[in-house]
Amino acid sequence: MNGPEIAEFVRRAAASVTTEAERLTRLDAAIGDGDHGLNLSRGFAAAVGALPAGGPPGKVLIAAGRAIVSKTGGASGPLYGTALRRAGKACGDADDIDAALLGAALRAALEGVQELGQAAEGDKTMVDALAPAVRAYDEALAGGNGLADCARAAAEAGREGADATVPMQARKGRASYLGPRSVGHLDPGAASTALILAALADVAEGRA
Ligand code: ADP
Ligand code: MG
């Protein structure tokens with residue numbers, strides 16, 4: 001994927017979280033404070049506004065991540081911003097990222113989120129979508145698949161990972177204040193991560 005394609009990913013992710021803002025907010029209203037959809041649509045709109053006119057994927061991702069950190073409220077802003085910035089750094093100045101490099105970028109994003117938020121899998125956070133996505137991506141890559149198939153495998157695992165947060169009790173973020181009452185609800189951040197991964201897969205597959 002080249003710079004313009006990565007910019008298209010950011011635009012598509014922005015469109016998706018905006019379209020789904022109401023659902024994300026509803027999920028967050030159940031176990032948080034009901035601002036997740038608004039936070040993300042605002043943050044990703046800022047990312048779209050900050051997209052550079054050109055440049056390699058790494059530069060595009062870093063610019064988007066920086067905008068998200070500065071414009072997104074809530075816990076998710078710094079986490080998503082860090083994810084995009086770390087992914088961008090992992091891309092270096094490559095003009096075109098191949099399947100292996102995109103896998104490395106996804107892993108760097110996950111590591112950034114975990115370093116900052118200290119969440120493990122099972123804590124009912126975005127990590128429960130992102131970590132299985134990274135694993136599925138790596139497995140698909142090891143199986144000899146190309147970038148688009150790896151990205152689709154990651155998106156599917158991300159969605160399954162998000163769905164699997166329903167029976168979990170939150171141990172990080174606002175939802176953890178609810179203790180056992182957080183059980184039985186889909187984690188909003190895991191849901192938005194699944195949307196963002198789907199946007200990546202769509203662009204990787206060349207869907208206009
Ligand atoms: P806030 O909780 O500050 O209102 P948001 O509503 O935008 O922020 O985001 C909530 C989401 O952020 C949660 O659903 C969860 O997925 C994610 N989250 C919260 N804390 C952490 C953490 N420490 N590590 C990873 N993800 C987290
Ligand atoms: Mg919230």
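Of the residues R85, R135, which single one is under 14 Å from the mean Cα position of the chain (by Cα), open to solvent by 30 Å² or more (accessible area, probe 1.4 Å) and either farther than 22 Å from K71 by Cα or in contact (Cβ under 8 Å) with a residue 12 or more places away in the chain (or both)?
One residue alone meets the criteria, R85.
Could you tell me which of the residues A119, A136, A154 is modelled with pLDDT of 95 or more, within 14 Å of L79 (Cα to Cα) and in contact with a helix residue (DSSP H, G or I) (Cβ under 6 Å, 6 or more places away or on another chain)?
Criteria check complete, one pass: A119.
Do you know which residues across the stretch 174-190 are within 12 Å of ligand 2 (Cβ to nearest atom), part of a helix (DSSP H, G or I) and open to solvent by less than 20 Å² (accessible area, probe 1.4 Å)?
Across the stretch 174-190, the qualifying residues are A175, P188, G189.
Filter the stretch 96-152 down to residues that are part of a loop (DSSP other than H, G, I, E, B) and more than 15 Å from A162 (Cα to Cα), then give me how many there are. Lay out the reasoning, then the answer.
Within the stretch 96-152, the first condition is being part of a loop (DSSP other than H, G, I, E, B), and the residues that meet it are 97-98, 118-126, 143-146.
Remaining after also requiring more than 15 Å from A162 (Cα to Cα): 97-98, 118, 143-146.
Qualifying residue count for the region: 7.
Give the residue, chosen from E111, E121, that is open to solvent by 50 Å² or more (accessible area, probe 1.4 Å), within 14 Å of the chain's Cα centre (by Cα) and either within 14 Å of ligand 1 (Cβ to nearest atom) or on the phi > 0 side of the Ramachandran plot (or both).
E111
Residues that are of a type outside the set (D, E) and more than 15 Å from ligand 2 (Cβ to nearest atom): list the helices (runs of 4 or more DSSP H) wholly contained in the stretch 6-77 that include at least 2 such residues.
Filter on the stretch 6-77 gives 36-49, 57-71.
The values are calculated or read from the model by the stated rules, or taken from the named source; none is laboratory data. If you're wondering where the values come from, they're calculated on a predicted model, not measured in any experiment. For neighbour counting, all protein chains shown are included, and Cβ atoms are generated from backbone atoms with ideal geometry for every residue, glycine included. Heads up: the accessible areas ignore ligands, DNA and RNA and are worked out on the full protein's heavy atoms, side chains in. Shrake-Rupley method; radii C 1.70, N 1.55, O 1.52, S 1.80 Å.
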